[in-house]
Amino acid sequence: MSPNQSFELCLRMGDNALILGQRLAEWCGHGPILEQDIALTNISLDLIGQSRLWLSLAGQIEGQGRDEDKLAFFRDSNEFRHLNLCEQPNGHWGTTLMRQFLFDAFHLPLLEQLCKVEDQQVASIAQKSVKEVRYHLRWSSEWVVRLGAGTDESHEKMQQALLDVWPFAGEAIQPNAFDLELTETCPPYNVQAVNKAWWSSVNEVFNQANLDVPEANWAPQKGREGIHTERLGFILAEMQFLPRAYPDAQW
């Protein structure tokens, strides 16, 4: 894996975790029951912790003096490389769960692929992260099934949540030029294996939840190329305000 490939990959992984972790942090103190409030807060902390590792490595590879904080707080929206799925609003509890499941179903097989690459720094972060993300996928899957196969009302809300979030899900499994290049030059990494695993999880969980899988006519998304929805600006305005207002502050 070339330095340019490693840097781009670390930004993607770090930004996915950072932006979704920030979104989930909005639930802290607002969950439907205490146990799940804590569970979701812990998932947020897991993701932000993973982001720190990825962005720290990205800064080292870049070699321009940008550490994890500089990359998180002093980049503009067009420099972020996360999936647009990660920045979508929380909505109600079911919407958050659906967004989380669709991301987890992609995140886990992606990390499993990265555990195998020759780049030991990338592989070591993936190996640490994959343990946490296995729990994330199990947790989100169980909730999607519980509510999808629950009451008529919960089923209806989960089906609508799926329709709302689904247009942004396709970006995760539609390989772009970078994904294809990585598959070709960095075996055993294989983007098609990630896609296959994602579809397997989606079909299995939605079948158990009695949810109808929409057609795969996703809206075009280019979050990994720095083209985001208007949602990101609001996230960054809140997340970056303090460090930008006091850039020399020491904590």
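For the chain, hydrophobic long helices are taken as DSSP H runs at least 27 Å long by C-alpha position along their axis with mean Kyte-Doolittle hydropathy of -1.0 or more; these are 3-25, 34-62, 93-114, 120-148, 152-173.
Karplus-based coupling profile of the stretch 63-74, in residue order and whole Hz: x, 10, x, 9, 8, 4, 5, 4, 5, 6, 9, 10, with θ = phi - 60° in 6.51 cos²θ - 1.76 cosθ + 1.60 and x standing for Gly or Pro. Between N78 and I33, full extension at 0.36 nm per residue minus the direct alpha carbon distance yields a gain of 12.5 nm.
Among the listed pairs K131/K222; K70/K116; K196/K222; K116/K157; K131/K196, those whose Cα-Cα separation exceeds 27 Å are K131/K222; K70/K116; K116/K157. Between H92 and T151, what length comes free when the chain is fully extended (0.36 nm per residue of separation minus the Cα-Cα distance, one decimal in nm)? Fully extending the segment from H92 to T151 adds 19.6 nm.
Every read-out reported here was derived from the displayed coordinates using simple, explicitly stated rules and does not represent laboratory data. What you see is a predicted model, and the numbers here were worked out from it, not measured in a lab.
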